[in-house]
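The structure appears below as structure tokens.
The values are calculated or read from the model by the stated rules, or taken from the named source; none is laboratory data. Bear in mind the structure is a predicted one, so any value in this text is a computation, not a measurement. No Cβ is skipped: glycine too gets one built from the backbone with ideal geometry, and neighbour counts run over all protein chains shown.
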Amino acid sequence: MSYTPNRLIQLRAGLIVLVGFALAACAGRPAEVSPNEIPTLEAQLSQDPDNADVLLRYSAALFSAGRCDTASVVAASGAQRNASSAIAPLVIGQCLEQSSSFDDAVGVYQAFVDAFPDAPGADAVRARQLLALQSRAIARARNALAQEDQLGAQGGDPRTIAVLPIDVAGDSTYQPLGRGLAQIFIADLSLLQQFTLVERIQVQALVDEMRLAETGAVDPATAARMGRMLRAGRMVQGLANIPDEDDIRLDVSVVDDQGQIASPAARTGRLRQILRMEKEIVIEIAAQLGYQLSQAERQAIFDNGTRDLTAFLAYSRGLAAEDIGDYSAAATFYQQAVQADPNFQQARSQFRANAAAPSVQNATVGQVTTVSVATAPEPDFVDQTVGDAVTSSVADVAATTSEATAGASTTDTHTQTTQQATTVTTSQPNPTTVPIGITPTTIIGVIRIVFRLP
């Protein structure tokens, strides 16, 4: 594997140093890398020019000196000799980030984690990718706002769909549900090859830049405006109203580019059924948009993500924390999601990136992150008190007292035939200091989701 960047520039001294640590685990050398080592490393390479460890350490030293042009070339050479080292993608990727070449940086990081998902330092690469994605999203959002008139004249791609965060009316502690529902719609719709989905992080960045999060629900006209800036021909827009009584109701409509609403779809049920209801809506809307799903595609949608409400609520809280840059809190929530559903792969991957992100983000010149710090532990072994807290929270959230009593006889047929029921405890959860999340109370309400046609 090689890493050849498209654009490289000379950087000023004082760049963030996050690399040089993989050699500590792989070669037993000290982790810290300093520009002062450059003469010594050059002397070593003059004697042994093909030494992968020395090449990679040299690239890290050059990077710490702000010499990104040479550092990237040396890192690529080192990667040819040791493709599983995290140093090369970190050096090259961060040089690309510093030149605002975020697409290329994200590609470098993704190529490495795809090829070496469990290599030492892989979680540091995941964390760096997360930070690059967020930087890219912000840059794109600001650029879209600056070029709104031009983008509006071009229109959106009718095959591209963007899903807005579902607006949640009621207690602000329920806000993370809006992000979780948006992400699961994106994940399910992305399984249909006819459509291209805009990344949720990109949509959220535009929402934040437009300050829509503070002004309430997005009307169809504003959704159409966002669609043009996102180059999306269809927009998914939703509203969740959370009263104290009654079933949850999901109403879905298709909205054209003039804001006309048509083709409604609806589902009603208890909160514990919300994940199945969402998938039924995806299938119905796909048919309304002229896409005929195969049986395999239908099954893939039902199998996608998690069916466990505990995991879904924790995952939604993780998304909310991640969006505001609270990576430690996000890692805790994703950890809870994986404990509730060990097969929830997206939560597992985001746990690893967020757990490493604080160390990666905060590293400065002279503070080199080691593999042991940057590599997050697997989220399988969670303290039992944490597990009791999250499961008891969902026990309270998912059902009223009377519903809990009757719950055993009201089992989702699809879930019953595909997975074992999950037992939850009823111990009281410990209070959390994180200001975003789902509190242990009953969620009942109405959710309306809107699609926009080109």
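Overview of values
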| item | result |
| --- | --- |
| Selection count where residues are in contact (Cβ under 8 Å) with a residue 60 or more places away in the chain, under 16 Å from residue 34 (Cβ atoms) and among the polar types (S, T, N, Q), scope the stretch 53-97 | 1 |
| Test: residue 200 is crowded, with 18+ Cβ neighbours inside 10 Å and at pLDDT 85 or above | yes |
| Residue 132 assigned by TED's automatic domain parsing to the domain that holds residue 248 and under 19 Å from the mean Cα position of the chain (by Cα) | no |
| Check on residue 337, in contact with a Gly (Cβ under 9 Å, 6 or more places away or on another chain) and either small (Gly, Ala, Ser) or surrounded by fewer than 24 Cβ atoms within 10 Å (Cβ to Cβ) (or both) | yes |
| Identity of the residue in the stretch 278-293, surrounded by fewer than 20 Cβ atoms within 10 Å (Cβ to Cβ) and hydrophobic (A, V, I, L, M, F, W, C), that ends up nearest to residue 247 (Cα to Cα) | 283 |
| Within the stretch 93-197, helices (runs of 4 or more DSSP H) holding 1 or more residues that are at negative phi, surrounded by 18 or more Cβ atoms within 10 Å (Cβ to Cβ) and of a type outside the set (A, V, I, L, M) | 102-115, 122-146, 176-189 |
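Per-residue answers, yes or no, for (1) over 23 Å from residue 201 (Cα atoms); (2) in contact (Cβ under 8 Å) with a residue 12 or more places away in the chain:
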{"residue": "273", "(1), (2)": "yes, yes"}
{"residue": "287", "(1), (2)": "yes, no"}
{"residue": "311", "(1), (2)": "no, yes"}
{"residue": "321", "(1), (2)": "no, yes"}
